Amino acid sequence: MDKLDCIVIGAGVVGLAVAARLSQNGLGVVVAEQHDLIGSETSSRNSEVIHAGIYYPAGSLKAKLCVAGKHLLYEHCETYHVPYSRCGKIIVATEAQQVDVVKSYIEKGKANGVPDLSWQNREWVAEREPEVHCLGAVHSPSTGIVDSHSYMVSLQGILEANDGWLALNTQVERVESSAGKNIVHTRDMSLEVGWVVNCGGLTAPELSRDMQSDHYPIPDSYYARGHYYAYSGRQPFSRLVYPVAVAGGLGVHVTLDLSGQVKFGPDVQWIDTIDYQFDNTRFDDFVQAIKSYYPDLDPDRLHPSYTGIRPKIAPAGAEFVDFRIDGPQVHGVPGRINLFAIESPGLTASLAIADMVLTEVCG
């Protein structure tokens, strides 16, 4: 049986970042991806936002890794010529009762190491984003956008430049860990590996089910689908525009790509299975949500674009759920690392997550 230093399950943005970092440190790495291309699920179905690190509880992994990852990602984009824009964003208060909530993001940001947030009045917003209706907004100048596919290709390039391998169309069927050995089984082969890093995203809990015990219960998977609508014609915004955050997500917001194309989304729709079908019956809810801050919206210019699914490990209505990066100190199984609930801000945090995994592997 072949033996390998490390296998990373999943070639999404986090799996590729982990694999790139491990390969840079001299480990033999293979990335096993069940699909025929990289980043085909969560990593290619999001807003492509580089988050500042505002919303998350101080001291949480989401807060720490988002802030650290933001700086690492901007540096990476410069070094590897990945297209990005530090376009900034505003979080708007459209009703009087929202003002204190939005202003509270400034203190949350400071607690997380984001000192550049500021409250701006409606005149400031009207001068810069004349289409936006609000009473005021928090401005986040360090928020940006990135070409996520180019970013993933750059990570693949690092992996391969360091003798790592990407194995597409390779679905891991199960992992066996016993007597200090980890055996990874795919349809075509079995590998003995020193480390199994489970970056399976939506299927990460199922890929770790063999580790289930009273001491280490494996979480269930829950799926929160988000829809995005593209906006045709003249593009009305020059930066990202966010409403007050909602349960399960950050609200139907304005996101831009690097060509200036505006999209609105995502909403939150809880579903039972992985299903990317676009549910256009939610159109009226979208229109109502968008008009709260963009009253001149022309609904006829909205067109279904795509959906994404957040990899949740708690059902609708649950309190804040942090990233989980579970190594042997957590579950007691040598050579296994499970990454659970790596939803937003996973793209932003990806390089910081990779550094955390590297520390687990190499000490």
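The values are calculated or read from the model by the stated rules, or taken from the named source; none is laboratory data. Predicted model, so just to flag it, every value in this text is computed and none were measured. Neighbour counts are summed over all protein chains in view; Cβ atoms, including those assigned to glycine, are modelled from backbone coordinates with ideal geometry. Please note that ligands, DNA and RNA were not included when accessible areas were found on the heavy atoms of the full protein model with its side chains. Shrake-Rupley method; radii C 1.70, N 1.55, O 1.52, S 1.80 Å.
Taking trypsin sites (Lys or Arg not before Pro) across region 98-187, the ones in a DSSP loop with at most 16 further Cβ atoms lying within 10 angstrom of their Cβ are ARG187. The simple Förster model, with R0 at 56 Å and r as the Cβ-Cβ distance, assigns GLU192 and VAL101 a FRET efficiency of 0.60.
Of the cross-linked pairs LYS64/LYS291; LYS3/LYS64; LYS64/LYS181; LYS62/LYS103; LYS3/LYS312, which ones have a Cα-Cα span greater than 30 Å in the structure shown?
Numbers: LYS64/LYS291 34 Å; LYS3/LYS64 35 Å; LYS64/LYS181 33 Å; LYS62/LYS103 21 Å; LYS3/LYS312 33 Å.
Correct reply: LYS64/LYS291; LYS3/LYS64; LYS64/LYS181; LYS3/LYS312.
Approximating the spin labels as points 7 Å out from Cα along Cα→Cβ, the ASP220-to-ASN280 distance works out to 3.3 nm. Could you state how much accessible area TRP119 has, in square angstrom rounded to the nearest 10, with a 1.4 Å probe and all protein chains kept in place? TRP119 exposes around 80 Å² with every protein chain in place. Per-residue Karplus couplings for region 59-70, computed as 6.51 cos²θ - 1.76 cosθ + 1.60 with θ equal to phi - 60°, are listed in order as x, 6, 4, 4, 5, 5, 6, 5, 5, 5, x, 4 Hz, Gly and Pro entered as x.
In a fully extended conformation the segment linking HIS185 and SER150 would gain 9.5 nm over its present Cα-Cα distance, using 0.36 nm per residue. Restriction of the chymotrypsin sites (Phe, Trp or Tyr not before Pro) in region 320-361 to DSSP coil positions whose beta-carbon has at most 15 other beta-carbons within 10 angstrom yields PHE320. With θ taken as phi - 60° and the Karplus curve 6.51 cos²θ - 1.76 cosθ + 1.60 applied, the whole-hertz 3J(HN,Hα) list for region 323-329 is 4, 10, 10, 9, x, x, 5 Hz, x standing for glycine and proline.
The packing ranking, built from the mean of other Cβ atoms within 10 Å per residue, places the peptides 279-291, 12-24 in the order 12-24, 279-291, highest first.
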